[in-house]
1. Cα to Cα, under 18 Å, and not fewer than 8 places away if on the same chain: which aspartates and glutamates meet these conditions relative to Lys204?
2. Going out from 0 in 20 Å bins, what whole percent of all Cα-Cα distances in segment 5-322 drops into each bin?
3. Go through Thr56, Gly22, Ile114 and say which Cα lies farthest out towards the positive end of the charge dipole of segment 14-125; charges sit on Cβ, +1 for Lys and Arg, -1 for Asp and Glu.
4. Explain nothing, just compute: Karplus ³J(HN,Hα) = 6.51 cos²θ - 1.76 cosθ + 1.60, θ = phi - 60°, for every residue of segment 307-323 in order, whole Hz, x for Gly and Pro.
5. Rounded to the nearest 0.05, what FRET efficiency do Lys85 and Ile124 have when you use their Cβ-Cβ distance and R0 = 22 Å?
6. What residues qualify as long-range amide H neighbours of Thr68, i.e. H under 5 Å apart, gap of 5 or more or another chain, H built at 1.01 Å from N?
7. Could you run the Karplus curve 6.51 cos²θ - 1.76 cosθ + 1.60 with θ = phi - 60° over segment 275-286 and give me ³J(HN,Hα) per residue in whole Hz, x for Gly and Pro?
8. Net charge near Tyr251: determine it from the other residues with C-beta under 12 Å of the C-beta of Tyr251, scoring Lys and Arg +1 and Asp and Glu -1.
Amino acid sequence: MTPLVECVGLTRHFPIRSGVFGRTAGVVHAVDDVSFHADRGETYSLVGESGCGKTTTGRMVIRLEKPTSGAMRLDGEDVSNLTGKALSAFRRRVQAVFQDPFSSLNPRMTVGSIVEEGMLVHGIGHSPSERRERAKEILALTGMSPDSLDRFPHEFSGGQRQRVGLARALSTGPDFIVADEAVSALDVSIQAQIINLLAELREKLGLGYLFIAHDLAVVKHLSDRVGVMYLGHLMEEAPAADLFREPLHPYTKALLSAIPEPDPAKRGKKRIILSGDVPRSDRPPAGCRFHTRCPEATDRCREGDIPESHPAVGRRVRCLLYE
């Protein structure tokens, strides 16, 4: 079966300019050779520390960034170089929910105008009244009342604003939504509500998600599969249940060990403390990019490219321990 969204070897490098003439003084390796896919009705999550490249990957998926190399496919069709009407048609099918609900909504527009804007751009609805009725239906899907239409974003809480942002994304009838840190700016109790809402909409509408987060605990109950990124590389990918039960890569193990355990009976797990800082992305280390902080690194980890291994069905890991 053809995946709904497939990324193959996505790479994004940013030149570092310096001097009066803006000569290239270096290159930031934001994303290097990242490949994954997501099917209809599936949530694929990307996790990792800040600066690992997951947001840049998401921006390439929604075509806000153009890959330096690699390809992004929608229903098997390469969409990496779309322009004009073809790009507009793509963006109707692939929408985004951004991190900060306080800055991602135009404060001068009513909620109704915000939700209806995408319909206007893509020619959805034959009249203003038809678009308004559709906006009411979409807001109801996200748990917002019809009287929200004539109010402004500043009249709502953070969680309500994020529901409006989600309604805006749903207004074009998308197949796939990129949710970039969509709950990280919210209180913990509100985070749970939005995650449950995303799961309900996935079941009801058959949506696919790319869910981007730095907190593994947040993605545990929403994800079908999880990719773990570090310094631009995808280090491990596995079904969510397998990843949380038995992480393979030393970096994934360290991330999971940092998740607080609310059940006192299950506490006592060993915390893995990583030494050193994340290397600079304009000077990534040779070999495995994690070897400078890895407690299991050997001399071989410091040399050459580290190939992906497939230790089990549906699992892949970039680590010499599993070659």
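Quick note: the coordinates plus some simple rules give every number you see, no bench work behind them. Not measured: the values here are computed from a predicted model. Here the Cβ positions follow ideal geometry from the backbone for every residue, glycine too, while neighbour counts run over all protein chains shown.
1. Asp39, Glu42, Glu137, Asp175, Asp224
2. 30, 55, 15, 0
3. With unit charges placed on the Cβ atoms, the residue in question is Gly22.
4. Going residue by residue, I get x, 6, 10, 10, x, 7, 4, x, 10, 9, 8, 9, 7, 5, 5, 10, 6 Hz, with x marking Gly and Pro.
5. E(calc), rounded to 0.05, equals 0.90.
6. When sequence neighbours closer than 5 places are left aside, the close amide H contacts are Thr11, Arg12, His13.
7. Each residue of segment 275-286 in turn: 8, x, 10, 5, x, 5, 6, 8, 9, x, x, 6 Hz.
8. Counting the neighbours of Tyr251, the net charge comes to +1.
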